[in-house]
Amino acid sequence: MKKITLSCLLMILSFSFSYGCDICGCGLGNNYLGILPEFQKHIIGFRFRYNSLRTHLGVGGTTSYLTNTESYATGELWGGWNLHQNLRLMFNLPYSFNTRENTTTHIQKNGLGDMSVQLYYALIQQRKTLHHHLFVQSLWVGTGIKLPTGQYNPADKNSSTQSTNLFQLGTGSTDFTMNIMYDARLQDAGINISATYKINTTNTYGYRYGNKFSTTAQLYYKFRIANSLTLAPNTGIQYENSSLDTDQNFSVDVSGGKLLLGTVGAEANIKKIALGANWQTPLTQNLANGFVKANNRIMVHVAFMF
């Protein structure tokens, strides 16, 4: 069992520096979930995400009258059902408020994003005593599907002006994910690692967003206050990378890229209620061949277990 666990952990870590995920925070991206609360049967919650980008930058990150600031605020209904001890079904349904502005224009786009459903299977669920301390670990693997419920507007794509095709509510395509989550805790100190690889298909307008991968590793410590409150501050890193998009089977140069973020946050459990917040800041980035710069991100959430 120890050999299996170590092999899985090494596999996750090696993947995390080989691939990458979404570079935007619109309906297309940002798969960060935070440390998932422990629940026995069902959980339903609400997440709010916010992040912004600067697009259409010049050489060396210089700005001009064409430079846009794009912000993405997303409210997301999500939930999970444990169908069996080792089988878990999860879903999320986002609603986005997107804004793009520069020196002359201000554009706002609100609407439903792309919903997704994932099915997870537990390869490892273990609780035992290790050196007189409680050791708990779990390893979940899963697959999912993302449906084109968000609007994709081909008029918002303008490759002739070297603009990124990020200002969309959805991709317009049915896409697929492969997911893995590992959590290990010795008494109250733990590590949480998750990774997602997203396989995109071509939408009806001939545009295909590049396949994407994201991974997050976080250290946390649980402080137990009284008998009803658990507080778990956490810190870690998140790595994202996307391959180039294609338009009518031609590569789109102003797309894809790599992004490494530092994360800090806290999770709290109060009986059947889970609360959390997370702040992410870019450490290094190379997005869309330098035409895009990512800013800080935030996420807050509340969930109810029943």
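The figures follow:
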quantity: For F291, net neighbour charge (Lys/Arg +1, Asp/Glu -1) across residues whose Cβ lies under 10 Å away; calculated: +1
quantity: Distance violations [Cα-Cα > 26 Å] among K146/K222; K41/K128; K222/K293; K128/K271; K222/K271; calculated: K146/K222; K222/K293
quantity: Mean Cβ count within 10 Å, highest first, over the residues of peptides 99-109, 39-49; calculated: 39-49, 99-109
quantity: Whole-Hz couplings from phi, Karplus 6.51/-1.76/1.60, listed for the stretch 75-84; x for Gly and Pro; calculated: x, 9, 8, 9, x, x, 10, 7, 6, 7
quantity: Extension reserve of the S251-T143 stretch, reckoned as 0.36 nm per residue once the Cα distance is removed; calculated: 36.1 nm
quantity: Sorted peptide list for 247-257, 130-140, criterion being average Cβ within 10 angstrom, highest first; calculated: 247-257, 130-140
quantity: Placed amide H near N86: partners under 5 Å, 5+ positions off or other chain; calculated: none
quantity: Gain on full stretching of the segment that runs from L260 to V302 - 0.36 nm per residue minus C-alpha separation; calculated: 12.5 nm
quantity: Shape box of the stretch 167-270 [Cα atoms, principal axes, largest first, Å]; calculated: 59, 23, 23
quantity: Label point 7 Å beyond Cα of L87 along Cβ direction - residues of the stretch 116-133 with amide nitrogen under 13 Å; calculated: 119-122
quantity: Spin-label pair H132/A155, simplified geometry with 7 Å Cα→Cβ offset, distance in nm; calculated: 7.2
quantity: Relative packing of 291-301, 147-157, which averages over residues the other C-beta atoms within 10 Å, highest first; calculated: 291-301, 147-157
quantity: Nonlocal amide H pairs with N211, under 5 Å, H built at 1.01 Å; calculated: N200, S243
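Here, each number is a calculation from the coordinates, and none is a lab measurement. The structure presented is a predicted model; accordingly, all values stated were derived computationally and were not measured. Using ideal geometry, Cβ is built from the backbone for each residue, glycine included, and neighbour counts are taken over all protein chains shown.
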